[in-house]
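Only the coordinates and a few stated rules stand behind these numbers; no lab work does. Note that the coordinates shown come from a computational prediction; the quantities given were computed from them, not determined experimentally. In this analysis, Cβ positions are derived from the backbone assuming ideal geometry, glycine residues included, and neighbour counts consider all displayed protein chains.
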Amino acid sequence: MKAPLLALAIVSGAFLAGCPSDEEGNPAVLWLALDGSELQVKLVDEEPIPF
């Protein structure tokens, strides 16, 4: 009797453990921009100046 209850608790916990989303949401497009070095890049939400 305890096994189905335990399984239900594990499944419920898996659904509730997700990260909350931001109200704004994710940007539609992400761009690669230089991060202070020509070997390192980062993702930004605005189009960087072409180099």
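Just a few scattered comments:
- Proximal charge balance of GLU46 [Cβ under 15 Å; K/R count +1, D/E count -1]: -3
- For segment 26-33, putting each phi into the Karplus relation 6.51 cos²θ - 1.76 cosθ + 1.60 with θ = phi - 60° gives couplings of 7, x, 6, 10, 10, 10, 8, 10 Hz, in residue order, rounded to whole numbers and with x for Gly and Pro.
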